[in-house]
Amino acid sequence: MSTIIEPHGGELKERLAGAEEAAVIKKESVDYPSWDLTARQICDLEMISVGAFSPLDGFMRKADYESVKNDIRMADGTVWPMPITLDVTEEFAEGIKEGDKVALRDSEGVMIAVIDVENMWTPDKGEEARKIFGTDDVKHPAVNYLFNIAGPVYIGGAVTCVRHVTHYDFGHLRNTPRELRERFKRQGWHNVVAFQTRNPMHRAHQELTFRAAKSSEANLLIHPVVGMTKPGDIDHYSRVRCYEKLITHYPEQTSALSLLPLAMRMGGPREALWHAIIRKNYGCTHFIVGRDHAGPGSDSKGEPFYGPYDAQDLVRQYEEEIGMTMVPFKMVVYVKERAGYMPMDEVEDGHTTMSISGTEFRRRLQEGLDVPEWFSFKGIVEELRKTHPPKIKQGFTVFFTGLSGAGKSTIANALMVKLLELGGRSVTILDGDIVRKNLSSELGFSKEHRDLNISRIGFVASEITKAGGVAICAPIAPYAKTRREVREEISKNGGYLEVYVSTPLEECEARDRKGLYAKARAGTVKEFTGISDPYEAPDNPELNINTLEYSPDEAAQAILLKLEKFGYIA
């Protein structure tokens with residue numbers, strides 16, 4: 001019996017320089033152009049540096065990218081399903097050329113690596129979305145990232161890392177592929193089945209993973225993702241504390257917990273195959289593939305992006321070639337008469353099955369309701385309640401948008417008074433004019449500066465919401481894309497209510513207390529929203545208020561009723 005499975009491609013491609021080489025690179029890189037890595041790029045770079053993406057030695061060159069996109073293989077024929085690309089802005093790309101070296105830096109400006117620029121190209125993102133993710137619907141998180149966040153130019157080439165990506169959390173659980181392989185060798189673990197998760201695990205998960213390990217005669221690695229997951233997922237700090245409690249319910253000698261700093265794409269079948277290859281690099285021999293593995297849910301028409309077993313079908317197609325055994329996820333349910341979990345297909349007729357959906361579990365957390373012990377271990381529920389209190393105790397943001405003079409500030413002030421009357425939370429108004437004076441005084445009114453101003457408001461509101469307070473934002477916020485980004489950022493930390501103050505332009509212009517519309521008509525005020533610059537009305541706000549139909553007091557009361565309906569106030 002071989003000791004440990006070989007890495008994908010036969011060699012663990014670690015890209016971390018030794019001390020002497022790193023010192024030379026740092027010295028030479030002083031004059032290199034620098035690129036500040038995004039959060040996803042940092043995750044990808046870390047996975048490259050430790051060999052988790054073997055056989056990749058850097059960000060994909062164009063030939064590998066095209067081959068992976070079209071054939072699920074790299075240019076040399078090695079199976080690989082997911083593009084790993086370094087996307088940059090057009091402005092940055094114009095300042096470099098093939099053959100250059102670029103310093104790659106983290107968010108604090110610390111250089112992590114150098115890339116040798118071998119290729120630069122502008123991809124067809126529509127084709128990439130359709131071939132990799134099977135859709136160009138921006139409701140798919142990876143497609144949204146591709147179209148609305150990722151840069152338009154790709155850079156490919158080998159990377160050399162001069163330092164590890166720094167993590168201050170859960171250091172005892174962050175193992176590189178080499179470290180896990182050495183651990184498996186020391187413990188005599190020849191067969192290892194890995195379980196991928198981005199959610200808290202409950203009793204059903206514990207049962208199915210334990211059964212999967214037993215059926216495969218393998219040791220079990222719980223290997224959750226702590227890089228980037230689906231927007232709206234529970235934060236990894238809370239999840240890891242839950243995993244630490246869960247692992248105590250497995251046999252100590254045959255089970256292990258380790259963390260994976262992967263940036264997920266939620267890419268369904270291709271993602272499942274990618275996950276299997278990554279676990280092979282970590283020394284695993286088996287991989288559990290679940291129902292709708294790494295699926296992002298439903299598309300804009302309400303249809304699932306992927307079939308329930310598409311991921312299993314694709315991994316099964318390649319499992320022999322990549323040398324990994326797929327273990328299909330078996331749905332287990334709690335059987336009342338047996339006082340335990342059983343595979344659904346083994347439940348006898350007449351027995352009562354019990355289950356709680358993820359949606360129902362979240363509802364119980366949000367409303368502070370009981371969670372039965374047959375569903376989850378007590379310690380896990382207690383941990384989740386600490387960081388995910390009921391809605392009534394969460395912070396939230398009310399975000400007004402509308403034309404100048406629509407009545408946003410007036411309603412916002414009326415709402416603030418009513419919320420202060422209720423008590424229980426601090427309340428902060430981030431009015432457009434006040435923010436312009438105190439936070440964005442250096443900004444003009446170009447689209448770039450308007451977006452930056454709204455992003456700043458969103459950041460402050462997100463921090464207020466995270467701290468359990470109420471942020472009332474009242475800017476014009478004319479652009480849909482920026483409003484969507486603010487919503488996504490704030491919703492990670494609490495509630496979000498968008499209020500479109502839809503007072504018609506004619507009424508706003510008739511009010512014109514500051515004389516701005518008159519100046520815009522005369523051409524003395526440039527880029528004025530509604531006159532010389534567009535306003536993109538929200539498609540689906542939580543509340544639409546036309547001040548021709550509502551007094552400020554009535555509008556504020558309507559917002560309170562909506563907040564009450566959503567459970568944020570009582």
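Kindly work out what percent of the DSSP beta bridges joining two residues of the range 246-392 are antiparallel, to the nearest 5.
Numbers: 7 of 11 bridges.
Around 65 percent of the beta bridges assigned by DSSP in the range 246-392 are antiparallel ones.
Residues in the range 220-236 near a label at His249, defined as backbone nitrogen under 15 Å from the 7 Å Cα→Cβ point?
The answer is 222.
How many nm is it between the label spots at Arg456 and Glu373, if each spot is 7 Å from the Cα in line with the beta carbon?
5.4 nm
Summing Lys, Arg as +1 and Asp, Glu as -1, what charge do residues with Cβ under 11 Å from the Cβ of Arg521 carry, Arg521 excluded? List each step's numbers first, then the result.
Values: positive: Lys519; negative: Glu509, Asp512.
Residues close to Arg521 contribute a combined charge of -1.
Asn119 to Ser215: FRET efficiency via 1/(1 + (r/R0)^6), r the Cβ-Cβ distance, R0 51 Å, to the nearest 0.05?
On the way: r = 45 Å, r/R0 = 0.88.
Working from the Cβ atoms, E equals 0.70.
Run the helix sum for the chain: -39,500 (n - 2.57) per DSSP H stretch of 4+ residues, divided by residue count, reported at 222 nm to the nearest 500 deg cm²/dmol.
-11000 deg cm²/dmol
So, counting K/R as plus one and D/E as minus one, what does the shell of residues with Cβ under 10 Å around Lys330 add up to?
Numbers: positive: Arg211, Arg291; negative: Glu207, Asp345, Glu346.
Surrounding charge for Lys330 is -1.
Rg to Rh ratio, the chain, alpha-carbon atoms and Kirkwood radius? Please list the in-between numbers first.
Working: Rg = 26.4 Å, Rh = 26.3 Å.
Result: Rg/Rh = 1.00.
Write down the percent of antiparallel bridges among all DSSP beta bridges whose residues are both part of the chain, to the nearest 5. Each step should come with its number before you reach the end.
Numbers: 24 of 62 bridges.
Beta bridges within the chain, antiparallel portion: roughly 40 percent.
For the range 171-333, what proportion of DSSP beta bridges, expressed in % and rounded to the nearest 5, is antiparallel? Numbers along the way, then the final one.
On the way: 1 of 16 bridges.
Counting only bridges with both partners in the range 171-333, antiparallel ones make up about 5 percent.
Order of 458-467, 72-81, 300-309, 472-481 by packing, highest average Cβ count within 10 Å first?
Values: 458-467: 19.5, 72-81: 17.9, 300-309: 13.7, 472-481: 22.9.
So the order, starting with the most tightly packed, is 472-481, 458-467, 72-81, 300-309.
Quick one: in the range 1-79, what % of C-alpha pairs are over 23 Å apart? It would help to have the intermediate numbers written out before the result.
Values: 1099 of 3081 pairs.
Summing the P(r) tail past 23 Å for the range 1-79 gives 36 percent.
FRET efficiency for Glu182 and Lys97, Cβ-Cβ distance as r, R0 = 51 Å, nearest 0.05? All intermediate terms of the calculation are to be shown ahead of the outcome.
Numbers: r = 42 Å, r/R0 = 0.82.
Calculated value: 0.75.
Could you rank the peptides 432-443, 271-282, 177-188 by their average count of other C-beta atoms within 10 Å per residue, with the highest value first?
Listed from highest to lowest mean packing, they are 271-282, 177-188, 432-443.
Of Lys69/Lys481; Lys437/Lys519; Lys139/Lys408; Lys386/Lys466; Lys214/Lys330, which ones are farther than 18 Å apart at the Cα? Display every interim value, and only then the final one.
Values: Lys69/Lys481 28 Å; Lys437/Lys519 21 Å; Lys139/Lys408 29 Å; Lys386/Lys466 13 Å; Lys214/Lys330 13 Å.
Lys69/Lys481; Lys437/Lys519; Lys139/Lys408, as the Cα separations exceed 18 Å there.
Label Asp313 and Leu422 with points 7 Å out from Cα along Cα→Cβ: what is the distance between them in nm?
4.8 nm
Efficiency by 1/(1 + (r/R0)^6): what FRET value for Lys565 and Ala23, r their Cβ-Cβ distance, R0 = 56 Å, to the nearest 0.05? It would help to have the intermediate numbers written out before the result.
Values: r = 61 Å, r/R0 = 1.09.
The formula returns an efficiency of 0.35 here.
So what's the projected area for the range 276-409, the Cα convex hull averaged over all directions, in nm²?
Values: hull surface 59.1 nm².
For the Cα atoms of the range 276-409, the hull's average projected area reads 14.8 nm².
What translational D, rounded to a whole number of µm²/s, comes out for the range 391-566 from Stokes-Einstein when the hydrodynamic radius is the Kirkwood one over Cα pairs, at 10 °C and 1.306 mPa s? Don't skip to the end; give the middle numbers.
Numbers: Rh = 16.3 Å.
For these conditions, the coefficient is 97 µm²/s.
In percent, what relative contact order does the range 19-161 have, based on Cα pairs under 8 Å that are 6 or more apart in sequence?
Numbers: 224 pairs, mean separation 42.1, N = 143.
Dividing the mean separation by the residue count of the range 19-161 yields 29 percent.
For q values of 0.11, 0.19 Å⁻¹, compute log₁₀ I(q)/I(0) with the Debye formula on a Cα-only model of the range 19-161, without solvent.
-0.40, -1.20
Could you pull out every one of the lysines with an alpha carbon less than 16 Å from that of Lys526, ignoring same-chain neighbours closer than 8 positions?
Straight-distance partners of Lys526: Lys447, Lys514.
Please report, in cubic angstrom per residue, the volume enclosed by the convex hull of the alpha-carbon atoms of the range 171-333. Present the calculation step by step, with values, prior to reporting the outcome.
Values: hull volume 18.4 nm³, N = 163.
About 113 Å³ per residue, rounded to a whole number.
In nm, to one decimal, how far is the Glu303 label point from the His172 one, both placed 7 Å along Cα→Cβ?
5.0 nm
Values in this text are rule-based calculations from the coordinates and carry no lab data. If you're wondering where the values come from, they're calculated on a predicted model, not measured in any experiment. We place every Cβ from the backbone using ideal geometry, glycine too, and count neighbours over all the protein chains shown.
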